[in-house]
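Working notes, beginning with the structure itself.
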Amino acid sequence: MSVDYRPLTDDDLEQAVIVESTAFYNKPTPERLELLRKFFPPDWTVGAFIDGRLVADVRTIPMARRINASATHFGAIGPVACLSAYRRQGHVGRLLRLALERMREQGIPLSGLFTPHDALYARFGWERSEARKQYYLRPSDLRMRIKGALGSIEAVTADDWSRLDAIYRRYVGPRNGPLHRVEPWWRQNVLRHWEEATGGLGDNEAFVWKNANGQDEGYLSYYSRTMPRTGQFVPWEVVVRDFVSLSGDAYLGLWRHLLAHDIATRLAVHMPLDDPFADLVEDPRKVELPRAEGPMIRVVDLERALSRRPFVGSRPVSFTMRVTDPSASWNEGVWRIDAGEGQVQIERNNGDADVELSAGTLALLYTGFMRPDVAAGVGLLKVNRAEALEDMREVFAVTHPPYSNDWY
């Protein structure tokens with residue numbers, strides 16, 4: 001039996017559709033193959049081949065992620081697929097390590113993925129490092145306490161993606177977590193959704209909110225789907241894919257539009273952790289707030305990731321840290337960090353470490369998801385010099401809590 005781990009070629013794409021569809025209990029369709037050929041170059045995906053047959057694959061989409069008003073190259077992982085007969089045999093682990101090596105070679109210092117299987121990916125250095133607030137509510141049950149200035153709502157189509165992108169760019173500029181978007185991402189990911197019933201893509205509805213002067217200040221993208229029948233009538237859910245506002249009036253106007261969906265049984269909206277919607281309605285107890293999770297993040301290349309991360313701390317700092325990273329050996333060892341005047345400098349060091357941490361802990365500090373003192377307080381960070389905690393807090397300061405509108 002021969003086993004080979006390598007990037008895919010054009011000749012492997014039909015096998016990739018079969019593996020990825022079967023692994024997630026779907027059916028391979030011509031539309032899936034067409035989308036794969038059109039939008040995903042084969043060498044973005046690495047595969048495990050047994051006797052020439054593809055049995056598992058991992059795809060990395062090269063993107064850019066915002067942090068502290070700047071952008072960092074980012075590898076969005078997904079899907080990670082393996083046929084059931086070949087699971088728990090180490091193939092996915094080998095492919096994840098290969099993906100890490102290739103990202104490093106390509107100058108991509110940061111990676112992320114969405115998954116319900118945290119334990120698997122934590123073994124390879126990914127850690128839950130973003131969060132989001134999820135709202136479930138019945139629109140007819142709620143009224144806003146604050147009205148805001150009047151504006152107007154205008155329906156738009158996928159051909160208006162650049163208009164939405166202009167709003168989005170203004171919104172994400174200073175933030176931490178959002179991804180840069182290109183036209184195919186807008187058309188296929190933001191303004192469309194996957195329909196399980198048909199095995200194809202369906203169009204979203206999209207609306208722009210304009211102020212009294214006719215200026216665009218926000219937008220929505222959403223779709224509706226049926227819920228399991230519990231009575232005589234079929235219940236409907238409205239799922240919001242994107243909610244972006246540039247002003248308080250736009251924020252309130254977009255919510256008024258969503259709450260006008262009186263016949264919907266449920267409205268599902270995800271927002272940043274600091275979003276205050278539930279406190280702005282007359283009856284906040286009618287808003288459900290279930291646990292919601294963002295992506296798992298991984299620092300692929302520590303030296304490049306930190307040196308290109310804008311420093312927004314309040315004073316110059318210096319400390320040393322020892323990183324343990326068995327899946328990316330180039331990150332392991334003791335590093336000296338010096339930061340000031342908007343920049344971070346990093347170099348290897350042969351001395352003792354002020355702090356010690358794993359690759360997973362590094363990820364949640366890097367994004368600002370957890371403060372160093374909190375990580376130390378729960379055993380995720382070993383502190384050998386107490387003063388280093390305050391220095392770390394300065395280095396890993398962020399302008400906004402980490403949050404991304406996107407799924408990948």
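The values are calculated or read from the model by the stated rules, or taken from the named source; none is laboratory data. All of these numbers come straight from a predicted model, not from anything done at the bench. Quick reminder, even Gly has a Cβ in these numbers, built from the backbone with ideal geometry, and neighbours come from all protein chains shown.
Tabulated data for the structure shown
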item	result
Count - residues of region 36-72 that are over 12 Å from LEU96 (Cβ atoms) and over 15 Å from the mean Cα position of the chain (by Cα)	21
Residue in region 293-306 that is at pLDDT 95 or above, surrounded by fewer than 19 Cβ atoms within 10 Å (Cβ to Cβ) and in a loop (DSSP other than H, G, I, E, B) present	no
Some residue of region 149-165 being surrounded by fewer than 17 Cβ atoms within 10 Å (Cβ to Cβ), more than 21 Å from ASP242 (Cβ to Cβ) and touching a helix residue (DSSP H, G or I) at 6+ places or on another chain (Cβ under 7 Å)	yes
Top-ranked residue of region 166-200 - restricted to ones that are of a type in the set (A, V, I, L, M) and surrounded by fewer than 17 Cβ atoms within 10 Å (Cβ to Cβ), ranked as nearest to GLY75 (Cα to Cα)	VAL182
Subset of region 73-118 that is among the polar types (S, T, N, Q) and either in a loop (DSSP other than H, G, I, E, B) or surrounded by fewer than 19 Cβ atoms within 10 Å (Cβ to Cβ) (or both) - its residue that is nearest to the chain's Cα centre (by Cα)	THR115
Matching residues, region 119-154, being charged (D, E, K, R) and more than 24 Å from the chain's Cα centre (by Cα)	ARG138, ASP141, ARG143, ARG145, LYS147, GLU154
Criterion: part of a strand (DSSP E or B), among the β-branched types (Val, Ile, Thr) and either more than 20 Å from GLY125 (Cβ to Cβ) or in contact (Cβ under 8 Å) with a residue 12 or more places away in the chain (or both) - qualifying residue of VAL334, VAL398	VAL334
Failed condition for GLU205, given (1) on the phi < 0 side of the Ramachandran plot; (2) modelled with pLDDT of 95 or more; (3) under 21 Å from the mean Cα position of the chain (by Cα)	(3)
Conditions (1) more than 28 Å from the chain's Cα centre (by Cα); (2) assigned to a strand (DSSP E or B); number of the one not met by VAL323	(1)
Region 1-52 - residue that is assigned to a helix (DSSP H, G or I) and of a type in the set (Phe, Trp, Tyr) and, of those, nearest to GLU183 (Cα to Cα)	PHE39
Pairs with Cβ under 9 Å, 6+ apart, first in region 16-30 and closer than 21 Å to TYR5 by Cβ, second of a type in the set (Lys, Arg) and assigned to a helix (DSSP H, G or I)	VAL17/ARG32; GLU20/ARG32
Unique residue being among the β-branched types (Val, Ile, Thr) and touching a residue at least 60 places away in the same chain (Cβ under 8 Å) when the list is VAL182, VAL172	VAL172
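Conditions (1) surrounded by fewer than 18 Cβ atoms within 10 Å (Cβ to Cβ); (2) under 15 Å from HIS193 (Cβ atoms); (3) touching a Lys or Arg at 6+ places or on another chain (Cβ under 7 Å); (4) without any contact (Cβ under 8 Å) to a residue 60 or more places away in the chain, marked per residue:
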position: SER224; (1), (2), (3), (4): yes, yes, no, yes
position: ARG229; (1), (2), (3), (4): yes, no, no, yes
position: VAL238; (1), (2), (3), (4): no, yes, no, no
position: ASP242; (1), (2), (3), (4): no, yes, no, no
position: SER245; (1), (2), (3), (4): no, no, no, no
position: TYR251; (1), (2), (3), (4): no, no, no, no
position: LEU258; (1), (2), (3), (4): no, no, no, no
position: ARG266; (1), (2), (3), (4): yes, no, yes, no
position: HIS270; (1), (2), (3), (4): no, yes, yes, no
